[in-house]
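Please read the structure below before turning to the comments.
FYI, it's all coordinate maths here, none of it is from the lab. Given the structure is predicted, the values throughout are model-derived calculations rather than measurements. Because the Cβ atoms are built from the backbone with ideal geometry, glycine has one as well, and the counts that use them run over all protein chains shown.
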Amino acid sequence: MSLVVVSDGVSSPPHEQIEQQLRAAHARGELRAGDRLPTVRALAADLGVAPNTVLRAYRDLEAAGVVVARGKRGTFIAESAPRPAAGAPAALPPADAELQLRAAAWTYTELGVRLGFDADTCLAAAAEAIAQRRHTA
């Protein structure tokens with residue numbers, strides 16, 4: 001699941017990183033009500049963390065009403081999951097914002113590679129987009 005990246009270079013523990021990134025993906029509309037999350041074991045294997053780390057994040061999200069666990073059927077985004085107002089950015093602490101940025105960079109890189117581009121071409125495209133953004137901001 002490319003929506004989540006766990007980084008050793010961040011002060012928050014892995015379960016909090018997972019929780020915050022899933023909340024942010026929901027706030028951005030990348031995860032919608034009824035969407036099934038990866039199994040605890042699958043996400044743990046993908047991220048290289050212990051299953052209990054993912055389980056803790058899922059339980060915290062369930063306690064907050066963001067997800068609902070349905071036993072063997074899996075964990076799903078709740079129908080009434082709290083979301084920020086449309087267009088309002090999710091307020092994240094600086095460490096979480098940096099994690100979100102790194103996750104977006106990872107997703108961008110993965111897309112570029114799947115499309116057949118090398119790292120230099122991906123980097124040049126990102127630099128061009130940043131330059132254009134500076135001229136329009």
Through the Karplus equation 6.51 cos²θ - 1.76 cosθ + 1.60, θ set to phi - 60°, convert the phi angles of the range 72-78 into ³J(HN,Hα) values in whole Hz; use x for Gly and Pro. 5, 6, x, 10, 10, 5, 5
Report, in deg cm²/dmol and to the nearest 500, the calculated mean residue ellipticity at 222 nm for the chain, where each DSSP H run with n ≥ 4 adds -39500 (n - 2.57) and the sum is divided by the residue count. -17500 deg cm²/dmol
Percent relative contact order of the range 14-136, based on C-alpha pairs within less than 8 angstrom and at least six residues apart? 24
For Thr75, what residues show an amide H to amide H distance below 5 Å, using hydrogens built from the backbone and excluding near sequence neighbours? Leu37, Arg70
Using θ = phi - 60° and the Karplus form 6.51 cos²θ - 1.76 cosθ + 1.60, what ³J(HN,Hα) does each residue of the range 26-34 get, whole Hz, x for Gly and Pro? 5, 4, 7, x, 6, 10, 10, 3, x
Amide H proximity to Val67 below 5 Å, modelled H, separation 5+ or other chain, gives Glu62, Ala78
Order 125-133, 50-58 from most to least packed using the mean count of other Cβ atoms within 10 Å. 50-58, 125-133
